[in-house]
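Each reported figure results from applying straightforward, stated rules to the coordinates on display, with no laboratory input. Source: prediction; values computed, not measured. Neighbour counts are summed over all protein chains in view; Cβ atoms, including those assigned to glycine, are modelled from backbone coordinates with ideal geometry.
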Amino acid sequence: ASPEVAQLVARKFGEALMDLPDLAPTTKPYGLNKPYSGGPIVWMHGGKTQPWLMIELNRATYIRGEQTGDTPIQAPNTERIEAIREGLWSAIEDIVSTL
């Protein structure tokens with residue numbers, strides 16, 4: 001996506017989720033161009049000719065406690081996941097109406 005669209009998406013998602021405090025410590029509420037190494041997924045589904053945006057959420061938004069590769073697997077907070085879904089969908093509707 002163009003830089004302007006990527007910035008709009010990041011801002012709208014940040015605004016939609018800003019009232020949901022993290023369940024574990026994090027550094028920033030959202031970031032732009034600081035991806036997790038999931039790029040191959042985008043290439044697999046999108047190929048080289050399509051613009052894509054990959055949206056990633058920090059697990060601290062829906063799982064309590066420390067979030068490292070060494071910590072035991074914890075069940076997600078399903079109520080929080082529903083609130084995240086609602087916030088993201090609201091942001092998507094807002095983004096589409098803006099473009």
What is the distance, in nm, between label points placed 7 Å from the Cα along the Cα-to-Cβ direction at GLU56 and at ALA1? 1.6
Neighbour net charge for TYR62 - beta-carbon separation under 11 angstrom, K R +1, D E -1: +1
Which net charge results for the neighbourhood of GLU4, defined as the other residues with beta-carbon distances under 15 angstrom from its beta-carbon, given Lys and Arg at +1 and Asp and Glu at -1? +2
Report the local net charge at ILE84: Lys and Arg +1, Asp and Glu -1, summed over other residues whose C-beta lies under 13 Å from its C-beta. -3
